[in-house]
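The values are calculated or read from the model by the stated rules, or taken from the named source; none is laboratory data. None of the values given here were measured: they were computed from a predicted structure. Using ideal geometry, Cβ is built from the backbone for each residue, glycine included, and neighbour counts are taken over all protein chains shown.
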Amino acid sequence: MEENTDTVVLKDEEGNEIEFEIITKFDIEENEYLIVASMQESETDAIALKILKDSEGNDILVTVDDDEEFEIVAEAYSAIFSEDQLN
């Protein structure tokens, strides 16, 4: 994934394109994650996405559906922003 990208466009269940702001990107072990928030809907919560590779080596984004994995990602996100606020 490009390091200097500030937004990403994803499709919803109906195929509508929605632009999301990338809040942060971080690694946990060998996995990469993005935390994004919709730029069009001000009341939408942040969404955790996992960066995977397809068969051609292209990045694909998938939602973190596993509860245990989501907890780990949420804790890492909280830790990152707690550290930022201390500085």
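Within the range 55-76, the presence of a residue that is modelled with pLDDT under 90 and surrounded by 13 or more Cβ atoms within 10 Å (Cβ to Cβ) is excluded.
Does LEU34 satisfy the condition of being touching a residue at least 24 places away in the same chain (Cβ under 8 Å) and either over 9 Å from the mean Cα position of the chain (by Cα) or assigned to a strand (DSSP E or B) (or both)? So LEU34 passes the test.
Screening GLU29, GLU19, GLU43 for residues that are at pLDDT below 95, surrounded by 10 or more Cβ atoms within 10 Å (Cβ to Cβ) and of a type outside the set (A, V, I, L, M, F, W, C) leaves exactly one candidate, GLU19.
Need pairs with beta-carbon distance below 9 Å; first residue farther than 14 Å from PHE20 by Cα and within the range 46-65, second of a type in the set (Phe, Trp, Tyr); sequence gap 6+ or separate chains. Going by the 9 Å Cβ cut-off, the qualifying pairs are LYS50/TYR33; ILE51/TYR33; VAL64/TYR33; VAL64/PHE70.
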